[in-house]
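Inspection log for the structure reproduced underneath, given as structure tokens.
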Amino acid sequence: MKRVAILVETTLASGRSILEGISRFVQEREDWSVFHPTGYLGSMETTGIEQWEGDGMIVRLSTNAIFELVQAKQLPVVDVLGNVEKSPYPLVKCDDRAIGTMVADHFMRSGHRHFAFLGLSDERWSLERQIAFTERTRKRAQSISVSHFFPFESSPERWDSRLSQVMHWLASLPKPLGLMVASDQFGQIALNACRRLSFLVPEEVSVVGVDNDRPFCELCQPRLSSVEPDHARVGYEAARLLDRILSGEQPTETVIHPPPLTLHRRPSSDSTAVGDPSLRKALQFIREEACHGISVDQVALKAGLSRSVLQRRFKDQLGRTVGDAILAVKLRRARDLLTFTDLALVDVAERSGFSYQEYLTTVFKKHLKTTPAQYRAGTMR
């Protein structure tokens with residue numbers, strides 16, 4: 001029996017996904033015995049490691065103190081974070097540079113020319129995401145700005161100071177802005193700062209996070225777009241690599257970077273960058289009121305333009321009509337209600353701004369090639 005200790009916190013989605021991948025590997029085996037000490041509410045706990053006797057370890061080497069503790073055990077170790085420089089241990093972690101590049105490409109496809117990054121100055125994973133993001137956007141950028149937190153703490157006093165820091169920083173940047181936050185946990189700070197400053201999201205500041213911590217992203221207002229790294233594969237590959245080492249192999253591949261899975265587009269970044277202030281007002285009004293029943297004339301009045309000028313600017317700058325934009329918001333609302341609630345179809349139709357259930361079905365068939373019931377069944381698989 002191979003006795004393996006796992007030092008991975010479960011307070012965030014990334015750690016839980018890593019454990020999921022390790023668990024999947026363990027279920028395929030019959031010769032692993034796992035020791036996973038946990039602290040308060042899933043924080044990393046190391047006090048039991050000094051007395052533990054085993055054969056190998058999978059660890060998120062986040063600090064030099066943890067590195068020294070692990071090194072004293074003199075056992076085979078696989079690191080699943082990569083935060084300690086010049087570590088002698090094999091490393092399996094998500095491809096942070098690919099993550100930064102993915103977000104940069106998302107913003108550039110949306111037409112952004114001003115970019116910003118909010119992260120941590122003392123975490124290598126954050127710095128690698130920042131480097132890739134800024135390098136990717138450099139040729140297209142009119143401006144790039146970076147702001148760091150150091151160190152990250154969650155006390156109320158620290159939260160207030162960080163919010164003030166982000167507000168001061170965002171207020172100085174040109175708009176529309178594509179803002180990448182290094183982790184989903186910073187998304188709420190960024191969105192709160194935008195709200196305090198009365199910046200429109202995503203029309204003026206478009207925000208994307210990392211880790212796709214789904215409940216957290218869904219609670220943000222507006223809901224936070226986020227990259228989903230393949231942390232489960234990180235855990236699985238780390239377990240497989242350690243098992244090979246414990247079996248006497250000397251693998252030549254000791255650094256593994258599983259690429260990210262996808263970028264989940266949600267309302268915080270689901271918009272084309274628009275420099276025209278009148279169009280930004282129109283888009284905000286559509287986003288907030290489309291499901292309550294609005295007309296093109298009402299949108300034009302809100303934007304301070306005539307109907308014909310508004311339609312022309314929409315077509316020239318956004319490549320669609322005002323009606324298309326209204327319908328897109330209503331369809332997104334309907335899809336969200338079908339995915340995240342058990343509301344009857346007649347209620348879904350009413351809450352998403354369609355006159356009746358049959359009309360909702362007609363629109364779904366035309367634009368999504370499916371019915372609302374079939375769409376709901378597909379999202380539940």
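The values are calculated or read from the model by the stated rules, or taken from the named source; none is laboratory data. None of the values given here were measured: they were computed from a predicted structure. Cβ placement follows ideal geometry from the backbone for every residue including glycine, while neighbour counts extend to all protein chains displayed. All accessible areas refer to the heavy atoms of the entire protein, side chains included, with ligands and DNA or RNA removed. Shrake-Rupley method; radii C 1.70, N 1.55, O 1.52, S 1.80 Å.
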Does region 58-190 classify as rounded, prolate or oblate by the C-alpha gyration tensor (a ≥ b ≥ c root eigenvalues; a/c under 1.5 gives rounded; else a/b over b/c gives prolate, otherwise oblate)? oblate
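Let me have the relative contact order for the chain, percent, based on Cα pairs under 8 Å that are six or more residues apart.
On the way: 663 pairs, mean separation 56.1, N = 381.
Contact order relative to length: 15 percent.
Report the charge-dipole magnitude of region 279-381 in Debye, nearest 20, computed about the Cα centre from +1 at each Lys and Arg Cβ and -1 at each Asp and Glu Cβ. All intermediate terms of the calculation are to be shown ahead of the outcome.
Working: 19 positive and 10 negative charges, 99 e Å.
In total the dipole reaches around 480 debye.
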Could you point to the residue in Ile58, Val103, Ala303 farthest towards the positive end of the chain's charge dipole, with +1 and -1 charges on the Cβ of Lys/Arg and Asp/Glu respectively? Ala303
Between 0 and 90 degrees, rounded to the nearest ten: what's the tilt of helix 231-246 against the longest Cα principal axis of the chain? 20 degrees
Would you list, by chain and number, the lysines whose Cα falls below 17 Å from the Cα of Lys175, excluding same-chain residues fewer than 8 positions away? Lys281
SASA check, Lys2, accessible area w/ 1.4 Å probe, all protein chains in place, rounded to nearest 10 Å², comes out at 30 Å²
Rounded to whole Å, give me the distance from the Cα center of region 121-153 to that of region 75-99. 20 Å
Taking +1 at the Cβ of each Lys and Arg and -1 at the Cβ of each Asp and Glu, which of Ala239, Ile6, Leu177 sits farthest along the dipole of the chain towards its positive end, judged by Cα position relative to the Cα centre? Leu177
Put +1 on the Cβ of every Lys and Arg and -1 on every Asp and Glu Cβ in the chain; which of Ala344, Ile18, Gly82 then has its Cα farthest towards the positive end of the dipole? Ala344
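From the protein chains alone at 1.4 Å, what is the descending order of accessible area for His36, His367, largest first? Walk me through the numbers before you get to the answer.
On the way: His36 60, His367 90 Å².
These residues rank, largest area first, as His367, His36.
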Using only Cα positions of region 267-377, each an equal point scatterer, no hydration layer, compute I(q)/I(0) via Debye at q = 0.13, 0.22, 0.23 Å⁻¹ and quote the log10 values to two decimals. -0.51, -1.14, -1.19
Report, to the nearest 10°, how far helix 277-289 tilts away from the longest principal axis of the Cα atoms in the chain, using its own Cα long axis and a range of 0 to 90°. 80 degrees
Report the extension gain between Ala171 and Arg158 in nm, rounded to one decimal, defined as 0.36 nm multiplied by the number of residues separating them, less their alpha carbon distance. 2.7 nm
Once both labels are modelled 7 Å past Cα along the beta-carbon direction, what's the Lys315-Ser355 spacing in nm? 2.5 nm
Computed over the chain: longest principal axis from alpha-carbon atoms vs helix 64-73 long axis, angle to nearest 10 degrees, is 40 degrees
Might you tell me the accessible area per residue for the chain, computed with a 1.4 Å probe and given in Å²? 48 Å²
With the full set of protein chains in place, find how many percent of the accessible area of the chain is carbon and sulfur; take the probe as 1.4 Å. 47 percent
Straight-line reach from Lys302: which aspartates and glutamates have Cα under 20 Å away, leaving out those fewer than 8 places along the same chain? Glu203, Glu204, Asp276, Glu288, Glu289, Asp316, Asp324
Run the dipole for region 1-120 about the Cα centre, Lys and Arg Cβ at +1, Asp and Glu Cβ at -1, nothing else charged, and hand back the magnitude in debye, nearest 20. 420 debye
Solvent-accessible area of Glu350 with every protein chain in place, 1.4 Å probe, in Å² to the nearest 10: 130 Å²
Debye intensity ratio I(q)/I(0), log10, the chain, q values 0.11 Å⁻¹ (C-alpha model): -0.87
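Determine the dipole magnitude for the chain: charges of +1 sit on the beta-carbon of Lys and Arg, -1 on that of Asp and Glu, nothing else is charged, the reference point is the Cα centre, and the result goes in debye to the nearest 20.
Values: 49 positive and 46 negative charges, 433 e Å.
For this selection, approximately 2080 debye.
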Binned Cα-Cα distance frequencies in region 49-120 - 5 Å width, integer %: 3, 13, 21, 16, 11, 9, 9, 8, 5, 3, 2, 0
